[in-house]
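Let me begin by presenting the structure, written as structure tokens, before commenting on it.
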Amino acid sequence: MPAYQQSCRICVFLSMKDEVRTEDVLQDVFACKKECFIPQYIGLNMDMIKLHSMSDYHNLPETAWKIKQPPEHEKRENAMETGGLDLILMPGLGFTRSGDRLGRGKGYYDTYLEKYQKQFNKMPLTIALAFYEQLCDTVPTTELDIPVDVVLFEDKSEK
């Protein structure tokens with residue numbers, strides 16, 4: 001995918017058990033010498049912070065939600081403070097082919113993208129990673145929901 005190849009600073013979500021696995025994506029980001037950022041959730045806030053290597057990933061503790069992330073007290077480079085992001089890979093529960101996304105209801109990504117737009121006056125490319133079974137004709141949205149640019153999924157019709 002050209003957009004991925006051209007991106008230098010990429011945020012990759014660290015998958016929960018019911019989401020598309022992202023470990024291979026992380027490995028490729030590091031193999032291609034791109035800068036990798038991951039979400040860090042503190043209360044109702046989410047920042048995108050630097051992940052240094054696969055070893056760094058494997059050593060991250062898990063939260064109560066079984067999501068790997070650095071401890072709150074550990075200071076890491078924040079993408080918003082050091083130039084932003086080129087690409088954000090996003091999870092979700094359901095998606096439309098046109099980019100509507102059903103998250104888990106806390107608005108973390110929508111809030112982050114709104115702050116990003118205000119700070120940089122532009123948006124990074126957003127790509128949702130989905131299972132084919134997560135594609136829907138419609139998903140519930142509000143005026144606060146920001147659609148993703150691309151929904152990437154395995155096309156089972158070609159098998």
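Quick notes on this one:
- When restricted to residues that are surrounded by fewer than 16 Cβ atoms within 10 Å (Cβ to Cβ) and among the acidic types (Asp, Glu), segment 44-76 contains 3.
- Any chance LEU129 is free of Cβ contacts under 8 Å to residues at least 60 places away in the same chain and among the hydrophobic types (A, V, I, L, M, F, W, C): no
- Neighbours by Cβ (under 8 Å, 6+ apart or cross-chain): first from segment 2-30, of a type in the set (Phe, Trp, Tyr); second part of a helix (DSSP H, G or I): PHE30/MET54
- Single unsatisfied condition, ALA3 versus (1) surrounded by 13 or more Cβ atoms within 10 Å (Cβ to Cβ); (2) in contact with a strand residue (DSSP E or B) (Cβ under 9 Å, 6 or more places away or on another chain); (3) in a helix (DSSP H, G or I); (4) not aromatic (Phe, Trp, Tyr): (1)
- Scanning segment 82-106 for residues that are free of Cβ contacts under 8 Å to residues at least 40 places away in the same chain and surrounded by fewer than 17 Cβ atoms within 10 Å (Cβ to Cβ) turns up THR82, ARG104, GLY105.
- Looking across segment 114-145, just one residue is exposed (fewer than 11 other Cβ atoms within 10 Å of the Cβ) and aliphatic (A, V, I, L, M), and that is LEU144.
- Some residue of segment 103-126 being of a type in the set (A, V, I, L, M), touching a helix residue (DSSP H, G or I) at 6+ places or on another chain (Cβ under 8 Å) and over 22 Å from PHE153 (Cβ atoms): no
- Check on VAL29, under 24 Å from ASP149 (Cβ atoms) and part of a helix (DSSP H, G or I): yes
- When segment 32-52 is filtered for residues that are in contact (Cβ under 8 Å) with a residue 24 or more places away in the chain, in a loop (DSSP other than H, G, I, E, B) and under 22 Å from THR63 (Cβ atoms), only LEU44 remains.
Every read-out reported here was derived from the displayed coordinates using simple, explicitly stated rules and does not represent laboratory data. These figures come from a predicted structure and were not determined experimentally. Because the Cβ atoms are built from the backbone with ideal geometry, glycine has one as well, and the counts that use them run over all protein chains shown.
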